[in-house]
Amino acid sequence: MKKLESTRKIMPGSVLRVYKKGFGYARLVVRDSDDRFFPAESDPVFIEHINDGDEVEAYLWIENDTSYDFILTVIGRITIGHPVLIFNHTGDIIHNTGNKCLTARVSIPVRFFILDTGNENKGISTEKIVHHTGIITALSDREADISSMDDIHTETLIKLHAFVGTQDLEIIAKIDKASVINSQWNYHVLFTNLHAHERNEILDHVFTMYRE
């Protein structure tokens, strides 16, 4: 995809994650666009906390290794039916190589087992699976911290199974770092081959944790 140089080139259906001081983060979906402005669907809570003329910091993820930052000004709204905010266009866009990694403190029960083949694409007999349990204590769309009573080697490939928000996700991860305090193991894991829908589900949950 060509480098984005104006919000006029944002495709309908694109997800914007915006930050407003005093509120936090919200998720918007671009509906359409013309040369003067573009509308984006908003959740009812966010639209109640923003006024015409307010500025928001917007973040757009295009691909796994590309993101954009820009400032948008609210120039109108539709509150009947599906809430919609209307924004000005801007060409003042910052291009980033790599997505921003926002981490939320969470407490999510997780089950996982070791992919001891070292290959997440190779099948494993259910007879060989030994499940471990723990708590995800920090979460982003790229990594997580897990607390567990079980001792697992670093560099181990594992498969996580957890409810993130209302979604039941299965995620492949590699244990990057490990430490132990009073028999409690703390693991830092890096996600591998995360699908777009899984990443979006995680991001949606992480952003809901940021309300001011």
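All of the numbers you see were taken from the coordinates with simple rules; none came from a lab. Everything numeric here is computed off the predicted structure, so don't read it as measured data. For neighbour counting, all protein chains shown are included, and Cβ atoms are generated from backbone atoms with ideal geometry for every residue, glycine included.
Remarks
- Average projection area in nm² (convex hull over Cα atoms of the range 7-97, one quarter of hull surface): 5.6 nm²
- Long-range lysine pairs (8 or more apart or interchain), the chain, Cα under 17 Å: 6
- Size of electric dipole in the chain: Cβ of Lys, Arg +1 and of Asp, Glu -1, about Cα centre, debye, nearest 20: 100 debye
- Reciprocal of mean inverse Cα separation for the range 104-208 (Kirkwood radius, Å): 13.9 Å
- 0 to 90° range, to nearest 10: angle between helix 196-208 axis and the chain longest Cα axis: 70 degrees
- In terms of surrounding Cβ atoms within a 10 Å radius of their Cβ, ASP35, ASP52, ASP204, ASP141 rank from fewest to most as ASP35, ASP52, ASP204, ASP141.
- Taking VAL84, VAL106, VAL45 as the candidate residues, the one with maximal mean-square fluctuation in a Gaussian network model of the chain, Cα springs under 10 Å, is VAL45.
- Most positive-pole-ward Cα, PRO83, THR66, ILE108, against dipole of the chain from beta carbon charges: THR66
- Answer label, with mean projected area of the Cα convex hull in nm² calculated from the coordinates and candidates (i) 19.0; (ii) 17.6; (iii) 13.8: (iii)
- Among SER107, SER148, the ranking by other beta carbons within 10 Å of each residue's beta carbon, starting with the fewest, stands as SER107, SER148.
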